Amino acid sequence: MTVKFWRRPLSGRSAVHACNGMVASSQPLASQTGIKILQTGGNACDAIVAMAAVLNVVEPFSTGIGGDAFALLYFPGEETPKAINGSGFSPKGLSYNYLVEDLALVQMPITGVIPITVPGAVSAWEMIHKTYGNLPWENILQPAIKYAQDGFPVSPVIAQVWNELAPKIKSNKGSEQTFLINNKRAPHQGEVFKQKALASTFKIIAKQGSDSFYRGELANRIVEFLEQENGFIQASDLTEYKAEWTTPISREIYNTILWEHGPNGQGLVTLLILSILEELDIARYHYNSVDYLHYLIEAKKLAFADAFASIADPEYMTIPLTNFLSEEYAQTHASQINPREAMRPIPPPLNLGNDTVYLTAADKDGLAVSFINSLYYRFGSGIVDPQTGIAFQNRGAGFSLAKDHPNQYMPKKRPFHTIIPAMITTSENDLLYSFGVMGGHHQPQGQTQVFLNLILHEMDPQEAIGSPRFHHDQITNTVALEEPIGVGVRAKLRRRGHSIVDCVGTNFGGGQIIFYNSSNGCYIGGSDPRKDGQAQGY
């Protein structure tokens with residue numbers, strides 16, 4: 001009997017099915033690490049920290065201990081997920097007046113020492129592990145130490161980006177020494193790359209924990225190095241920092257509950273976009289039709305305008321979250337959208353980065369972690385300490401310099417943050433999906449499209465994360481559309497006033513999804529084909 005050829009998945013990959021545990025990340029070695037941790041008695045919290053550490057090594061321009069992290073943790077039987085805010089604050093020694101009067105800045109710079117904020121990731125990692133992990137802390141960091149010490153073969157997409165960033169790397173001597181081969185070139189695809197300084201740093205953290213990073217020998221080195229670079233981080237900035245457990249925000253959308261980390265992150269934006277779309281009854285429009293995309297783009301513009309005007313360190317926000325999550329908000333904004341004509345959006349008053357890693361893990365006991373770690377822009381501030389291998393983030397670029405804005409720069413304040421882990425549960429808080437989409441201000445619009453793919457269009461995780469997306473740029477008011485969104489749809493969007501641009505060079509992010517299949521107690525995973533990553537299970 002002849003077997004007919006199967007239908008190849010549109011994403012080019014099949015979803016991964018497993019019953020004992022599932023992980024997904026943007027790099028195969030990190031995903032493999034997570035599975036090994038689960039197989040040796042670790043839980044999802046152990047796996048997520050081990051994976052994040054490995055990603056610091058194998059995707060160094062996106063993430064690392066010089067950056068920040070956010071997480072959502074799901075525990076079966078509990079009323080809500082738990083959230084952790086691992087974002088650092090601005091240095092106490094850098095004042096607003098110095099920036100706008102002495103330096104005459106109108107916008108925060110994106111490179112150099114000024115946008116460097118306190119790194120929060122290490123504190124977040126340790127809080128997650130110390131509170132809920134199973135395996136010894138030192139064991140969790142061993143895979144990252146091994147890949148940094150012995151080297152790893154650079155994967156294809158990472159190699160491409162790394163080489164594109166060579167000019168930025170060469171602009172800083174420490175970065176050049178750390179991330180170029182013989183201080184001359186970036187590694188090629190498949191070439192083995194070592195980071196021995198970072199291996200030594202991880203060994204110290206493995207033995208001494210986060211105390212070494214915020215109060216011990218690493219803290220001393222961080223302060224000393226940044227002083228040499230004319231930076232502003234002082235010892236007290238590090239000693240006074242600690243990641244925080246927070247309360248996630250949520251909204252019921254299409255009979256499911258979407259959970260996001262609250263401000264200073266932009267998870268609120270996804271909730272706002274989807275609340276407007278549900279009010280517009282987006283479900284009645286054909287997937288990726290002109291009407292469907294028009295309403296998504298317009299809802300995105302409105303939600304982002306509110307985000308840029310209001311989201312900040314929660315201590316400084318002036319509008320209560322309940323106002324944004326109300327039915328009145330959704331109804332008012334839905335009524336502002338012209339079904340036949342695109343509106344002009346309000347451009348953001350701040351810089352918008354685009355590099356991050358999103359990863360997720362779920363174990364045999366039903367514990368799931370949605371996690372995101374970032375340096376903000378690629379290689380962050382561009383400032384790297386060659387002695388420790390730490391690349392410092394440029395999260396301070398997320399501040400506004402507009403006077404009296406809620407997100408106005410101030411010392412010891414958290415900036416507007418782009419990174420947003422997400423989860424979807426039933427109304428009874430049974431886990432459905434742990435997911436996220438990377439890519440700066442693409443994240444809320446990417447999350448929105450993936451949510452609709454999963455909930456309205458009933459795609460499996462791999463199809464949902466790999467399906468074509470649009471990307472709207474708030475600054476240029478342009479829209480890029482991935483193939484196979486057709487020429488006819490593009491033409492009709494143009495007639496409604498949308499400025500359609502070539503998708504080449506546009507950041508459509510990347511993402512991961514884990515679905516819990518309650519019918520058999522197993523997991524289904526998907527990993528974005530736009531990255532090198534994999535979903536793996538056992």
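The values are calculated or read from the model by the stated rules, or taken from the named source; none is laboratory data. Since this is a predicted model, take the numbers as computed values, not measurements. Counting neighbours? That spans all protein chains shown, and the Cβs are built from the backbone with ideal geometry, glycine included.
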Arg251 - would you say it is surrounded by fewer than 24 Cβ atoms within 10 Å (Cβ to Cβ) and within 25 Å of Leu94 (Cβ to Cβ)? no
Yes or no: segment 354-374 includes at least one residue that is touching a Lys or Arg at 6+ places or on another chain (Cβ under 7 Å), surrounded by fewer than 20 Cβ atoms within 10 Å (Cβ to Cβ), on the phi < 0 side of the Ramachandran plot and modelled with pLDDT under 95. no
Looking only at segment 77-103, how many residues end up being on the phi < 0 side of the Ramachandran plot, out of contact with any Asp or Glu (no Cβ under 7 Å at 6 or more places or on another chain) and assigned to a loop (DSSP other than H, G, I, E, B)? 10
Condition set outside any loop (DSSP other than H, G, I, E, B) and hydrophobic (A, V, I, L, M, F, W, C), scope segment 508-522, selection farthest from the chain's Cα centre (by Cα): answer is Cys522
Conditions first: (1) without any contact (Cβ under 8 Å) to a residue 24 or more places away in the chain; (2) buried (at least 16 other Cβ atoms within 10 Å of the Cβ). Ala52 passes all but one, so which condition is the exception? (1)
Residues in segment 212-239 that are surrounded by fewer than 16 Cβ atoms within 10 Å (Cβ to Cβ), assigned to a helix (DSSP H, G or I) and not hydroxyl-bearing (Ser, Thr, Tyr): how many? 6
Whether any residue in segment 418-426 is touching a residue at least 12 places away in the same chain (Cβ under 8 Å), more than 16 Å from Gly510 (Cβ to Cβ) and not hydroxyl-bearing (Ser, Thr, Tyr) is what I want to check. yes
Scope segment 391-409; condition polar (S, T, N, Q) and surrounded by 19 or more Cβ atoms within 10 Å (Cβ to Cβ); matching residues: Gln393, Asn394, Ser400, Asn407
Pairs under 6 Å by beta carbon, first residue within 19 Å of Lys242 (Cβ to Cβ) in segment 80-99, partner of a type in the set (Val, Ile, Thr), six or more apart or different chains? Ala83/Thr246; Asn85/Thr246; Gly88/Thr117; Gly88/Val118; Phe89/Val118; Ser90/Thr117; Pro91/Ile233
In segment 16-42, what count of residues is obtained for those that are surrounded by fewer than 22 Cβ atoms within 10 Å (Cβ to Cβ), touching a helix residue (DSSP H, G or I) at 6+ places or on another chain (Cβ under 9 Å) and assigned to a loop (DSSP other than H, G, I, E, B)? 2
For segment 486-507, check the following and say yes or no: at least one residue is part of a loop (DSSP other than H, G, I, E, B), of a type outside the set (A, V, I, L, M, F, W, C), under 23 Å from Thr256 (Cβ atoms) and in contact (Cβ under 8 Å) with a residue 40 or more places away in the chain. no
Any idea which residue in segment 406-459 is farthest from the chain's Cα centre (by Cα), counting only those that are among the aromatic types (Phe, Trp, Tyr) and over 23 Å from His17 (Cβ atoms)? Tyr409
Residue pairs, Cβ under 7 Å, 6 or more apart or interchain, first in segment 283-309 and part of a helix (DSSP H, G or I), second surrounded by fewer than 22 Cβ atoms within 10 Å (Cβ to Cβ) and small (Gly, Ala, Ser). List them. Glu298/Ala342
I'd like to know if segment 262-270 contains one or more residues that are over 20 Å from the mean Cα position of the chain (by Cα), of a type outside the set (S, T, N, Q), over 13 Å from Gln449 (Cα atoms) and part of a helix (DSSP H, G or I). no
Quick check: anything in segment 398-406 modelled with pLDDT of 95 or more and part of a helix (DSSP H, G or I)? yes
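Residues in segment 435-447: is at least one touching a residue at least 12 places away in the same chain (Cβ under 8 Å), among the polar types (S, T, N, Q) and surrounded by fewer than 24 Cβ atoms within 10 Å (Cβ to Cβ)?
no
Would you tally the residues in segment 92-115 being closer than 17 Å to Ala312 by Cα and buried (at least 23 other Cβ atoms within 10 Å of the Cβ)?
So the count comes out to 1.
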Regarding Ile65, is this residue under 21 Å from Leu135 (Cβ atoms) and assigned to a loop (DSSP other than H, G, I, E, B)? yes
If you check Gly436, Gly440, Gly466, Gly446, which single one turns out to be of a type outside the set (Lys, Arg), within 16 Å of Gln266 (Cα to Cα) and touching a Pro at 6+ places or on another chain (Cβ under 6 Å)? Gly436
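For every residue, the table says whether it meets (1) of a type in the set (A, V, I, L, M, F, W, C); (2) closer than 25 Å to Pro411 by Cβ; (3) crowded, with 16+ Cβ neighbours inside 10 Å.
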site	(1), (2), (3)
Phe152	yes, no, yes
Glu164	no, no, no
Lys184	no, no, no
His188	no, no, no
Lys207	no, no, no
Lys242	no, yes, no
Please give the number of the condition Leu375 fails out of (1) more than 16 Å from the chain's Cα centre (by Cα); (2) farther than 24 Å from Gly466 by Cα; (3) of a type in the set (A, V, I, L, M). (1)
Segment 240-261, residues that are outside any strand (DSSP E or B) and among the hydrophobic types (A, V, I, L, M, F, W, C): Ala243
Filter segment 104-162 down to the residues that are of a type in the set (A, V, I, L, M), in a helix (DSSP H, G or I) and closer than 18 Å to Glu191 by Cα and list them by number. Ala144, Ala148, Val157, Ile158, Ala159, Val161
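Can you name the residue in segment 316-326 that is touching a residue at least 40 places away in the same chain (Cβ under 8 Å) and not aliphatic (A, V, I, L, M) and, of all such residues, is nearest to Glu252 (Cα to Cα)?
Among them, the one singled out is Phe324.
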